[in-house]
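The values are calculated or read from the model by the stated rules, or taken from the named source; none is laboratory data. This one's a predicted model, so the numbers in the text were calculated from it and none came from an experiment. Virtual Cβ from ideal backbone geometry, glycine too; neighbours counted across all protein chains shown. Note: accessible area is taken over every heavy atom of the protein model, side chains too, but ligands, DNA and RNA are not part of it. Shrake-Rupley method; radii C 1.70, N 1.55, O 1.52, S 1.80 Å.
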Amino acid sequence: MTAHADDPIPFPIYMDNSATTRCDPRVVDRMLPFFTTEYGNAASRNHAFGWHAEAAVEAAREEVARLIGATAKEILWTSGSTESNNLAIKGVAEMYRAKGTHLITCVTEHKAVLDTMKHLEQQGFSVSYLPVDPLGHVQLDQLRAAIREDTILISLMAANNEIGTLHPIAEIGRIAKERGVLFHTDATQAPGRIALDVETMGVDLMSLSAHKMYGPKGVGCLYVRRKNPRVRLTAQMDGGGHERGMRSGTLNVPGIVGMGEAARLARESFATEVQRLAALRDRLENGLKARLKDVHVNGDPQRRLPHLCNVSFPYVEGESLIMGIKEIAVSSGSACTSASLEPSYVLKSLGVGDELAHSSIRFSLGRFTSEAEVDYAVDRVCREVERLRAMSPLYEMVQEGIDLSKVKWTVH
Ligand SMILES: *Cc1c(COP(=O)(O)O)cnc(C)c1O
């Protein structure tokens, strides 16, 4: 199923797998009957159409549960990780409000977590935003110190979507358990890339999304622990009481079937795929470093996702670089904060200066990335960086040995 070295390169080349992934053709095949012949509502209890749909949904639930070491009853279907994060955080905050009103998260979380926390602050909750070190890690002693009597939830992502840094989830889970605080993790970037097990990781709630793991868009799930402790949530949507009353709404049966198959494939190919992705990522990174001076890799070079590399090319504007390599799909350091050209808040929180943040690009490889595509990208990116640098007065000054930090700039 994965690409081979002698396959022709399909243009444009897709290297933005952290934004979304191609739906695996095997996933599509499994989904198709649920649009055409098996179109029942999984909540229809009195005919075969409903029974078939329900059976398919429950089989998918088993698959997703298996991927993360959970039981099927602990999986709630949602529309994706944005909804899962909202449901986990708001659902816990509202349910446990009498116990406490303090939550802990971190400055590099996805907006679906950060904006949910902001919303809760407006509702009278208080939130601690842990800072990160230059590699993107939270300091565990700072986490411990942030926990208060009234803390009800810690929400820290398993893997960062911009820089790939991995949080020590099992250690965080232990700290949360010691202090009797619930622990939610946004693990959207993790499936098929790092091992997940809710037991060894001490996770109480986990968000996943199908379209980040070669499944369809618009479907995801929330893992909700049922024992030690049993986690309760306040529903965020009122209606028919689907999903044990925690998430009403007719189930997206084809999408759920697709997510189940995506989970099965992620589990099945995990060991070989992680190695393959890391080798491709290293080939990309080493290729760039071998040919270009001044290439900075952002995030933790060791504890990180195997498929992602966020690189800064000083003296080059990231947006210009992306425009110059249109046949390669990547993300820029500012792409994640909507249409604005603000540098990424994640890179800024690492202490990366605006200049360097503006010159950064995120490459995220995937199941369908080939070696030939990586080699093409290395050559193409290097040529474009060289071309842009050749036009940069700043780069010229640096080449002449001028220390830019000592230059007195006058503004007219
Ligand atoms: C993509 C992503 C989300 C949002 O997921 P959707 O399913 O697209 O809503 C949340 N968190 C992380 C880390 C992501 O990468």
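General observations
- Pick from segment 167-192, criterion within 12 Å of the ligand (Cβ to nearest atom) and closer than 15 Å to ALA65 by Cα, ranking: surrounded by the most Cβ atoms within 10 Å (Cβ to Cβ): PRO191
- Cβ-Cβ under 8 Å pairs, at least 6 apart or on other chains, segment 248-268 side free of Cβ contacts under 8 Å to residues at least 60 places away in the same chain, far side assigned to a helix (DSSP H, G or I): none
- Residues in segment 207-229 that are more than 8 Å from the ligand (Cβ to nearest atom) and under 12 Å from the mean Cα position of the chain (by Cα) were compared, and the one that is farthest from ARG276 (Cα to Cα) is LEU208.
- Segment 127-162, subset hydrophobic (A, V, I, L, M, F, W, C) and assigned to a helix (DSSP H, G or I), residue surrounded by the fewest Cβ atoms within 10 Å (Cβ to Cβ): ALA145
- Qualifying residue in segment 111-126 (condition: part of a strand (DSSP E or B), modelled with pLDDT of 95 or more and open to solvent by 10 Å² or more (accessible area, probe 1.4 Å)): yes
- Annotation note: Cβ proximity below 6 Å between a residue of segment 176-199 that is closer than 16 Å to LYS227 by Cα and at pLDDT 95 or above and a residue that is open to solvent by less than 10 Å² (accessible area, probe 1.4 Å) and within 13 Å of the ligand (Cβ to nearest atom) (sequence gap 6+ or interchain) occurs for HIS184/ALA88; HIS184/SER155.
- Restricting attention to segment 89-99, the residues that are open to solvent by less than 60 Å² (accessible area, probe 1.4 Å) and in contact with a Phe, Trp or Tyr (Cβ under 9 Å, 6 or more places away or on another chain) total 1.
- For segment 193-218, the candidate set comprises residues that are closer than 15 Å to ALA19 by Cα and assigned to a loop (DSSP other than H, G, I, E, B); within that set, the residue that is most open to solvent (accessible area, probe 1.4 Å) is LYS217.
- Scope segment 171-191; condition over 12 Å from the mean Cα position of the chain (by Cα) and more than 14 Å from HIS137 (Cα to Cα); matching residues: GLY173, ARG174, ILE175, ALA176, LYS177, GLU178, ARG179, GLY180, VAL181, LEU182, PHE183, HIS184
- Of all residues making up segment 233-285, the number that are loosely packed, with under 14 Cβ neighbours inside 10 Å and of a type in the set (D, E, K, R): 4
- Within segment 111-132, residues that are free of Cβ contacts under 8 Å to residues at least 12 places away in the same chain and away from the ligand (no atom under 16 Å from the Cβ) reach partners that are assigned to a strand (DSSP E or B) and open to solvent by less than 40 Å² (accessible area, probe 1.4 Å) with beta carbons closer than 7 Å, at six or more positions or on different chains, in the pairs GLU121/VAL127.
- Residue match in segment 76-85 (condition: under 25 Å from ARG174 (Cβ atoms), away from the ligand (no atom under 16 Å from the Cβ) and not aromatic (Phe, Trp, Tyr)): no
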